[in-house]
Every structure is written in C-alpha cells, then in structure tokens.
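First comes the structure, then the notes that go with it.
What follows is calculated from the coordinates using simple rules that are stated; it is not laboratory data. Nothing here was measured: the structure is a model prediction, and the numbers come from that model. Heads up, the Cβs are rebuilt from the backbone with ideal geometry, glycines too, and the neighbour counts pull from every protein chain shown.
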C-alpha cells in the first residue's frame, strides 16, 4: 500500500513537472495578451482624448454659454486638443483653421490682427473669460487656453463695445483651462524649425468631497530662431485656474503671466510703387538686427455664480491686466518694384496699460402654458489707462535709410527726428471708461423649437486723451448709444436650426495714428492730428442662415451684410509734409459662409469651410473710389483640415490641411493687387505606451512646398503687405502620467 502511495505521488509529481512549463507558458501568454489588450485600450483612449475638434457652442456674453443650435448667431470653438496637436506658437496659428478669418500684423510691430468678415479684430479686443481688455495686447500664447471661441458677426449687445475700436465683423473669446473630473499630469517637449525649442507642463487635480475644489497649473517656455532667417522669438507663460463647485455656488479664479520677445521681426512691406514687387525668398528676412519687441503681461479674472433658485442665477466676473511693452519697430517702403530698393525707418515706443473690467447680472428661466422665457439683465464697466511715448527714428529730414527687400544690408539705427511723451517714464495718453446696462428676453414656443430673442444695451463711452508734449488734457468726449438686437431660431426637425438676426456693432471712435501712408507721394508721413480721438459710431448687421447636426457631423451656412464708416488719412493742407486722419466714406461687406466639421466615418474627421465676401467702398471723398473693393479683403477664402486614424497601424493618425486665400486689392483705387495663394500642411501623430503611460509623438510641416507669397494686404492705415511664413517643421512629444 505504501509502495502504491509512493508510486502515485511520484506519478503526480512527474505529471506536474511535465505540465509546469506548459502551465507557465499559458500564464505568460495570458499575461502578454492582457498587457496587449491593456496597451491597445490606452492607445485608443489617448487617441480619442487627442482628437482635434470644433465645438459648436461658446460664450455669448450677456446670454451666457449656449449651444450654437439655440442661438441666432454663428459661433464655434476650437478645443485644447487642437491647440496641443497643431503646436501653435501664437493665437493666430490657431485661427488659421477658420475659413472666415485671416491673420496679419498691425502697423510696425508684432501685434497679430484678425480679419473676420472683412473687418479687423485688434489684439486689444480679444476677450478673456468674456471680458474685454484683459487679454495680452500684441501676442497671445495659446497654451493657457481650453477653448478659442469665435463669434462671426457684430456683437455690441452681446459683449458691449470693444474698447480698442474693432470687433465689428466678429469676436474672439479665450476660455481659461480648468481642472476636469480626471487628474492630469502632462509634460510636453517641442521644437519648431530652425532652432526654436521648449516645453510645457499641465497639471490638474480635484480635492474635497465630490471633487469640489479644483486646481489647474500649466506653463510653457520656448525660445530660439524660427524659420524666417535670423528672426528670434521667446515666450514664457504660466497660468493657474482655481475653482469651487458647491451645491448652489460656483467660484473660480484664473491668473496668468506672459512674457514675449521678438528680435528682427520680418516687417510688413509698404508699397510705394505703381506695381507689386515680386515676393522675396520664402525665408528671407529684410528686418534690421536692432528691431525688437518685448512684451510682459500679468492678468486674471475672478468669477462667482449663485443659484438663488432652481430657475434663477446671479453672477459677477471681474478682471484686470497690467501690461508693459517696449520696442524699436521697423517700417519699410518699397520705392523700386524691380530691384527691391526701399526706404526704411524706425519707431521706438515704450508703453504700459492698466485695464480693469467687470460684469454682473442675473439670469431667470420661467415656463408656463407651453411657453418658456429666459430673462437676462446686467451691467458692465471697463476702465483703461494707456501710457506711452514715441520717438521717430527717421534720421535728418525724415529721410530714413536705404535698404532692399531682396538683398538686405545691415544699417545703423537712424537718429531721432521727432519725439512725443516721456520716453523714460511715459505718462497717460488716454483714459477710457465704458459703462453699459443690458436686458434681454428669449421666448420659447413649440417645445423651444421656436426661440425669439430681443434685447437692448445702453452703452456709454467716455474717452479723455492727453497731449504727447506736455500731458495736458486734449478735447474728450462722452457719448451714449442704444444697441438693440433681435434674433429668431426655428427648429423644424431634430438636428436642424434656421436662424436670422439684426444686431448692431458699436465702435469706439478711432485714434489718429502717429503716421500714415500718402498714396499721392508713395511715402510714409507723420499725422498732424496725432492722438485725436473720434466719437463712437454704430454699424448694422443683417444675417440669416442654417445649422445642422447629423450624428457627429455638423454643418452651417450664413449670409450677412455689415456697414462701417472708414478711417483714413489725407494730405493736411494746413501742415505741409503731414497727413490728417479722419472718417471718410463707408465700407459695405456682403458675404456667405459655409462651415463643416466632425467625423465623416469612424476615424476620419474634417474641419472645413469656405467664405465669400464682397467688400465695397461707398461715399468716398469726391466719389473717387466708390464701388471699389476694400483693400486686404479677399473675395474667396477656404480651409480643409483632415485627420485619419489609420486602421493598419494602431495609434497612428495622419493629418493634412489646405488654406486658400483669393486675390486682394492693395489700394482703395484698386490699381494694385496681390495674387491668391494656397498653402499645404502635412503631419502625423503616433500614440504608444511606455510603462502603462501614453506617449504622443507629433510631427508636422507647414507650407510643405515652401511657397513664397504675399499673405495679406490688410492694413488699417497703409498699403502694406505681409509675406507668408516659409516651410516650418514642428515636432513635439507628450507623456501623460
């Protein structure tokens, strides 16, 4: 018996020994399969979280955050994934995706200027968390923002008058990043050709019972030469978002610091000839080494919301910005279109801005008898103080210096010719106060398939300007204006919205610039009424359109008309050698916009659209330019951005983008014109797993063909062209842990 037990035990051990390798192999195989499945899930999740998207909603100021289908306006937002994936260095890089927007610079400096529906939006008038005057003025680092929200069309009722005197054809609002429901730890390294390197950090946490408290800290640093020869850029930004979610109270605080520096910025080219010069080599830089811009901004907002009842909310938001900038800005006027010979000049400007803004209001929703109503009422207040001075560095007799856009020599900085203000300690040049009260009612019928909105805002604008020479107060004005709105939304079937609106734009009167372009002599000259501030004026917009949603795919179309008085310079007969700035004539823009976005099929996404605008001049002095096209406004523009998650390589996404801009008139007489242009961008991103953590690798090339082209002829005061950027390679790697 004992022998049998021993034999049985030996047999059992033998069988176990024989089966152990197979069992170990099976366990290992199962573990490998589990790891593979886990990695695939991580890759899929990371791909989904990084999908470049357009969000059909946004902040509509007085009306609050609304989905596009419920409002009679054209609004959409570009999300944080798009910002991360496309690796933009400025806000303008993000807005290149919008077919109704084109990007250029202001006069002389690095300030990005956005043209929407043929009218400018200055950097001064880009909103931050729905407040004007808080966003940095010239350049904006996009890493700090969760959404870039775009409203096409006038918005005087929704947001009030833009203090910088623009935003007639549209509005841009930046929404700060906040902590979401999931923790976030992300580190990104990036590179932009030729030698621009940097990185960013993004961390988010929620604390307390139910995650009531949220903290989001994100920052970025970049520096080095970009693809334009010898153009150096650096950017350092950090932002913090703090929020509290209570049962009936919500609080938030967003603070940010931003510092930019640009050396040898390739300037715009003013045309002083009867023909357009050929475009220089794509990467050639005709800037001088002494040209620079330094920008520093500290800004933030605080917001409180209180649900006083299930259907009623009180809210208040306040913000402030302290901005400082200094630079030697280069101007350049071509005098020989064949050889590229040009006359250059320089302008030194120190400037500081101290801005505060606040909005408070109430929102009440009622329902009875099958009718719903949403009442909005509130008030807003904006204070702005601008301190600056200037030094025209034109040399003796405003002669400037000789240069060439094709073979550019280094020349010394010209001597001072004409100064204004205190260069060492600038004093106030203007003080602006905007106050308004507003009220609206949105009535819903037929289960909210018909939404009728009516509202009005009473806006008061007070501006005081001061002499550049002794600081004494110059003539000021204090004007009030009513800006009404009426809009209608009809939803005949699920997923389809038809809309129409009549809304006005209110524009603070422009301020006479330091210099302007004399179309008669073909030269840049100083302005005799420098600093004069003009009274505000209204514009009127009529718009109608349709929006549709088909699953994960959206489409919209809109037609509109907008009119606006023109600010221009003419020779001043009372001051030989000077120009005088004033309001002369009117610009009428009529257009059609088409936009589509979403997922056509699984893994294939598109952001695309086109715009047509006919911008005509009317009632110009002596009728000389009546019926001509407005300079810098292309009749046709179009964009298409495609992403494809390849089925044959898990984690790989291929991307492509095409940007088309039609021909543009350069002067009001329409004797000069630049050609239309098309730019192609290609890229890819790949998600892999390392230690159960997703890593996203990105590569992109903008302007693949290294095409040389004049990108924009839009300029507020001159016949000036902006050259398009050369081929630019971008690389980045992000890890979430």
Completion exercise
Expected sort for 63-76, 143-156, 242-255, 689-702 on mean C-beta neighbours within 10 Å, highest first, is 143-156, 63-76, 689-702, 242-255
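For residue 604 and residue 178 in one chain, what is 0.36 nm times their gap in residues minus the Cα-Cα distance, to one decimal in nm?
Values: separation 426, 0.36 × 426 = 153.36 nm, distance 2.88 nm.
Result for the pair: 150.5 nm of gain on full extension.
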Exercise for the section: Working from Cα positions, state the angle (0 to 90°, nearest 10) between the long axis of helix 2-49 and the longest principal axis of the chain. Expected result: 10 degrees
Completion exercise
To the nearest 0.05, the calculated FRET efficiency linking residue 251 and residue 413 through their beta-carbon distance, R0 being 51 Å, is 0.50
Handout entry: Alpha-carbon centroid distance for the pair region 54-116 / region 134-168, whole angstrom
Key = 9 Å
Handout entry: Protection proxy ranking of 268-277, 497-506, 369-378 - average other beta-carbon atoms within 10 Å, highest first
Key = 497-506, 268-277, 369-378
Exercise for the section: With a Förster radius of 60 Å, plug the Cβ-Cβ distance of residue 654 and residue 473 into 1/(1 + (r/R0)^6) and report the FRET value to the nearest 0.05. Expected result: 0.50
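Over region 356-428, what per residue volume does the convex hull of the Cα atoms give, in whole Å³?
Details: hull volume 15.4 nm³, N = 73.
Considering the Cα atoms of region 356-428, their hull volume per residue is 210 Å³.
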Exercise for the section: Please report how far the C-alpha centroid of region 321-380 lies from that of region 171-220, rounded to the nearest whole angstrom. Expected result: 25 Å
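Would you mind calculating the gained length between residue 223 and residue 371 on full extension (0.36 nm times residue separation, minus the Cα-Cα distance), in nm to one decimal?
Working: separation 148, 0.36 × 148 = 53.28 nm, distance 5.72 nm.
Value of the extension gain: 47.6 nm.
Arranged by the count of other C-beta atoms within 10 angstrom, fewest first, what order do 595, 430, 467 take?
Details: 595 25, 430 18, 467 15.
Least crowded to most crowded, the residues run 467, 430, 595.
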Problem - region 597-737 - percent relative contact order, Cα under 8 Å, separation 6 or more - result: 18 percent
Problem - Additional length obtainable on full extension of the chain from residue 544 to residue 336, 0.36 nm per residue less Cα span - result: 70.2 nm
Problem - Using alpha carbons only: equivalent-ellipsoid semi-axes of the chain, gyration tensor based, whole Å - result: 49, 33, 25
Fill in the blank from the handout: Contact order relative to length for the chain, counting C-alpha pairs under 8 Å separated by 6 or more residues, stands in percent at 11 percent
